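Notes for the one structure printed next.
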Amino acid sequence: MQKRYKILVSGYFGYNNIGDEAILKGLIDGIRKKSSNIDIVVLSKNPDWTMAKYNVESVNRSKISDIISAIRDCDMLVSGGGSLLQDVTSKKSILYYLAILKLALFFKKKTFIYSQGIGPISLKFNRILTKRILNKVDFINVRDNQSKRYLSDMGINRDILVTTDTVFGINKPSLEDGKELLEKLGIDKNKKNIALTIINWKGYRKRTVEEIIKTVEKIKEKEDVNIILIPFFYHVDLDIETEIYNKLKKKYDNIYLVKEYLHIERYLSLVGNMDIMLSMRLHGLIFATLMGAYPIGISYDPKIDGLMKELNRIQNHYVEDFNSDDVAKEIINAVENLDMLMEETNTHLKRFYSLTDKHNEAVIEVLKR
């Protein structure tokens, strides 16, 4: 009989952020493709929901006694994917993820940094702690070359495997659910579909709303297309997207807002029915790349810049100063040259698939050492 192994997964799971939930699905799908004798346990804010959605064991990420018990019972801690080791969105969350790693090291468990995007880490104490702990883990795998350089600059002198985002390990769903969702919205099937995923980033809400509205106005002057607003982190993004939708709907037909909460497969299926996706969220861009929509980003974080580099593109638009003229021009150019641009994007997608194989194979190899 083959030995069964138990992996404990630490990340930002159970909060209904579709990007992080997709990260978890990609991790589970990818590891299960490589081995059938691994039990996966997930630290989650909502363990019952996580167990029901992914067919895994789950424990409460906020209960220290449950965390310690889960660590003592596992063979390896997998930390990731996503952007866990950064202190831009929160100064304290990085300490949580480092503490989980420290506990695993204390109990002499194998430790694997999995498909992470690293940084920025602004506080000196956080940088020192990250360096100390990551120099002791068993394996480091990051999702882009930018993250590898960041770790090297911090003084982490280790072999680092660069692959890609774990989401590229997801089993792709069919497009039928997405088609049904669009039919419910009453979409015009004869027009190209441009999706917008917009966020309320810090003090830039008013400016973001104004520039996005002007962007859509300029697109509609040139191209007769459907504009579909899709909230990604549902309860957070829906508010600003509703404001944009209400203002645009007064001026144009063929403006739509997806108000229904979607989980990963349905969201992917919907994105697969888009032609172009303008997204301020990294995983909106990753979903687009995976499902065959042309991704255009407005960046609030270096992780978006990192993905664009991996796609051999330059990131031109940033939340603090993006210009509606430039964004509209890029979208209109994409409408007019879509086949050529998607052919280029798909060459990178094949590479991303092969890279997810590498980090999942590394998990199995480290686990069996």
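The values are calculated or read from the model by the stated rules, or taken from the named source; none is laboratory data. If you're wondering where the values come from, they're calculated on a predicted model, not measured in any experiment. Neighbour counts run over all protein chains shown; Cβ positions are idealised from the backbone, glycine included. Note: accessible area is taken over every heavy atom of the protein model, side chains too, but ligands, DNA and RNA are not part of it. Shrake-Rupley method; radii C 1.70, N 1.55, O 1.52, S 1.80 Å.
Tyr353 passes all but one of (1) loosely packed, with under 15 Cβ neighbours inside 10 Å; (2) without any contact (Cβ under 8 Å) to a residue 24 or more places away in the chain; (3) in a helix (DSSP H, G or I); which number fails?
For Tyr353, the exception is condition (2).
Anything in the range 199-230 that is in contact with a strand residue (DSSP E or B) (Cβ under 7 Å, 6 or more places away or on another chain) and either assigned to a loop (DSSP other than H, G, I, E, B) or of a type in the set (Gly, Ala, Ser) (or both)? List them, or say none.
Val225, Ile230
Can you pull out the helices (runs of 4 or more DSSP H) entirely within the range 261-349 that have at least 3 residues that are touching a Ser or Thr at 6+ places or on another chain (Cβ under 6 Å), within 23 Å of Asp20 (Cα to Cα) and at pLDDT below 95?
none
For the range 242-265, state whether one or more residues are in contact with a strand residue (DSSP E or B) (Cβ under 9 Å, 6 or more places away or on another chain), without any contact (Cβ under 8 Å) to a residue 12 or more places away in the chain and open to solvent by 10 Å² or more (accessible area, probe 1.4 Å).
There is at least one residue in the range 242-265 that is in contact with a strand residue (DSSP E or B) (Cβ under 9 Å, 6 or more places away or on another chain), without any contact (Cβ under 8 Å) to a residue 12 or more places away in the chain and open to solvent by 10 Å² or more (accessible area, probe 1.4 Å).
Can you name the residue in the range 49-95 that is touching a residue at least 12 places away in the same chain (Cβ under 8 Å) and of a type in the set (Lys, Arg) and, of all such residues, is least open to solvent (accessible area, probe 1.4 Å)?
Among those residues, the one meeting the criterion is Arg61.
Within the range 1-112, considering only helices (runs of 4 or more DSSP H) that don't extend past its boundaries, which have at least 2 residues that are polar (S, T, N, Q) and over 27 Å from Leu238 (Cα atoms)?
Once the helices (runs of 4 or more DSSP H) in the range 1-112 are filtered for at least 2 residues that are polar (S, T, N, Q) and over 27 Å from Leu238 (Cα atoms), what remains is 64-73.
Looking at the range 218-235, which of its residues are touching a residue at least 40 places away in the same chain (Cβ under 8 Å) and not hydroxyl-bearing (Ser, Thr, Tyr)?
Answer for the range 218-235, where residues must be touching a residue at least 40 places away in the same chain (Cβ under 8 Å) and not hydroxyl-bearing (Ser, Thr, Tyr): Lys218, Ile219, Lys222, Glu223, Val225, Ile228, Ile230, Phe232, Phe233, His235.
Which residues, taken from the range 159-190, are polar (S, T, N, Q), in contact (Cβ under 8 Å) with a residue 24 or more places away in the chain and either over 21 Å from Leu24 (Cβ atoms) or not in a helix (DSSP H, G or I) (or both)?
Answer for the range 159-190, where residues must be polar (S, T, N, Q), in contact (Cβ under 8 Å) with a residue 24 or more places away in the chain and either over 21 Å from Leu24 (Cβ atoms) or not in a helix (DSSP H, G or I) (or both): Thr163, Thr164, Asn171, Ser174.
Quickly run through the range 18-48 and pick out the residues that are open to solvent by 20 Å² or more (accessible area, probe 1.4 Å), more than 20 Å from Ile67 (Cβ to Cβ) and within 17 Å of the chain's Cα centre (by Cα).
The answer is Lys25, Asp29.
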